[in-house]
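What follows is a short report on a single structure.
The values are calculated or read from the model by the stated rules, or taken from the named source; none is laboratory data. Every value quoted in this text rests on a predicted model; they were computed, and no experiment measured them. Because the Cβ atoms are built from the backbone with ideal geometry, glycine has one as well, and the counts that use them run over all protein chains shown.
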Amino acid sequence: MKVAVALVPRIGLGPGRTDTLNHCSPDGDCALVATVANGKRPPGRGMLAAVFNGPGDVEVKEVPTPKIGSGEVLVEVGANTLCGTDVRILRGEKTAGISPPTVLGHEFAGRVAVVGDGVVGYQVGTPVAMAPIVPCRRCFYCQQDMENTCENRKAMGEEIDGGLSQFVRVPAAAVQAGCLFAAREDLPPEQLALAEPLSCCVYGQRRSRVGLDDTVVVMGGGPIGFFHVQLALLAGARTVIVSEPSQRRRDFATALGARFVVDPTSEDLSGVVAEATHGRGADAVIICIGLPGLVTQSFELARKGGRVNVFAGPSGEGRADIPFDLIHYNELEITGSSGSRRSDFEVALRLIESGRVKADQMVTHRFPLKEAVQAINAAAGGQGVKVAVMP
Ligand SMILES: [Zn+2]
Ligand SMILES: [Zn+2]
């Protein structure tokens, strides 16, 4: 992957200085100065952002700090965690909705820095987490409770500049839709940022209808798989089986409560599933890695009437051999899930806040914003569990 890096030195004012007071205006810039004066980082007229210029090309550079209009909120980013979607965008595998140059990053949390005119419910300094999909709330899909597939959907980190940046402008439509969630005061921002990937898993679990006494197979022990393990157990699953080649990740899954972990490169996953289910097969299989071959395999792991959720976005061409006969004779239920709705985000954030989903051990790598490119490479290389960029 070719990645261009153009580092521009951060404009410098010492901590605690208020030289930006000359930007103070009645519409809220004074508030920005207030946080800056108390905080560590003066925004001045510019800020650092990781700008995606096209496949293989991300540039960390100085850009103007967004101006906030009425109805909008400026968020000072505390952390932006990276995921496979960022990597797929960078590799040119995901192009829908992406029109470079744009600032990537859809999993972020921080604090309110400026509150635009007419905005209620937020104060400067309020910790917030962002549900990045901004639904129109009017189209057919929004009205069918499928706002994640909204026909007029715009997403932070895709159509709208995202969280790999010191500050993010949250558009009025997102503020009005309640996409900016006030969060608990005392949690680190990288944990709050995980509400986004967790919300997608909450939605995936709902699509899979995981419930009491189920046996659930999670294909892939990455951050998404780890969330699915935890959510399945919270929903009452009896047995969770994780298929994952990395020993370290299998150990992590075991620590989270998976009863069986399987190395699919050397062990017989279908044998383990059969043994755990009296030969019947799993009630639910959740595919958390975008490898087309896993789709075929998952259909074989599910019991009659079992549910298979294609959770991960596909890598490569995204074509899989579909076992027509298994779907028909075994009456399989196949669902997809893509992104999440605000209602899923609310649940995810509260699960993290209450500690019922463990987010504290998930972030294993932290990079400063100026090293966003290295951070993306670390995420692409599968290092650790979750990589956070901390402006
Ligand atoms: Zn993501
Ligand atoms: Zn819509």
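Residue check: GLU159 meets all listed conditions (1) more than 27 Å from GLU371 (Cα to Cα); (2) of a type outside the set (Phe, Trp, Tyr); (3) surrounded by fewer than 23 Cβ atoms within 10 Å (Cβ to Cβ) but one, namely (1). Residues in region 133-162 that are closer than 28 Å to ILE376 by Cα, more than 10 Å from ligand 2 (Cβ to nearest atom) and part of a loop (DSSP other than H, G, I, E, B): GLY157, GLU158, GLU159, ASP161, GLY162.
The set of residues in region 176-192 that are surrounded by fewer than 18 Cβ atoms within 10 Å (Cβ to Cβ) and in a loop (DSSP other than H, G, I, E, B) comprises GLY178, ARG184, GLU185, ASP186, PRO188.
Looking at GLY384, GLY316, which is the one that is touching a Ser or Thr at 6+ places or on another chain (Cβ under 8 Å) and either in the same structural domain as ARG209 (by TED's automatic domain parsing) or closer than 27 Å to VAL295 by Cα (or both)?
Details: GLY316 fails: touching a Ser or Thr at 6+ places or on another chain (Cβ under 8 Å).
Result: GLY384 is the single residue among GLY384, GLY316 that is touching a Ser or Thr at 6+ places or on another chain (Cβ under 8 Å) and either in the same structural domain as ARG209 (by TED's automatic domain parsing) or closer than 27 Å to VAL295 by Cα (or both).
Here is a list of conditions, (1) assigned to a helix (DSSP H, G or I); (2) closer than 28 Å to GLU147 by Cα, and VAL218 meets all of them except one; can you say which number that is? So the condition that VAL218 fails would be (1). Counting just the residues of region 80-112 that are under 12 Å from the mean Cα position of the chain (by Cα) and assigned to a strand (DSSP E or B), which one comes out nearest to ligand 1 (Cβ to nearest atom)? Here the answer is GLU107. Summed over region 319-359, residues that are in the same structural domain as GLY257 (by TED's automatic domain parsing), charged (D, E, K, R) and under 23 Å from VAL87 (Cα atoms) total 1.
Out of region 193-211, which residues are within 14 Å of ligand 1 (Cβ to nearest atom) and either touching a Cys at 6+ places or on another chain (Cβ under 8 Å) or assigned to a helix (DSSP H, G or I) (or both)? It would help to see each step written out before you state the result.
Pass one, region 193-211, residues within 14 Å of ligand 1 (Cβ to nearest atom): 193-204.
Matches in region 193-211: ALA193, ALA195, GLU196, PRO197, LEU198, SER199, CYS200, CYS201, VAL202, TYR203, GLY204.
In the set VAL120, VAL168, only one residue is crowded, with 20+ Cβ neighbours inside 10 Å and either away from ligand 2 (no atom under 16 Å from the Cβ) or aromatic (Phe, Trp, Tyr) (or both); that residue is VAL168. No other residue among LEU90, LEU104, LEU74, LEU32 is hydrophobic (A, V, I, L, M, F, W, C), more than 16 Å from ligand 2 (Cβ to nearest atom), at pLDDT 95 or above and in contact with a Leu (Cβ under 9 Å, 6 or more places away or on another chain) apart from LEU74.
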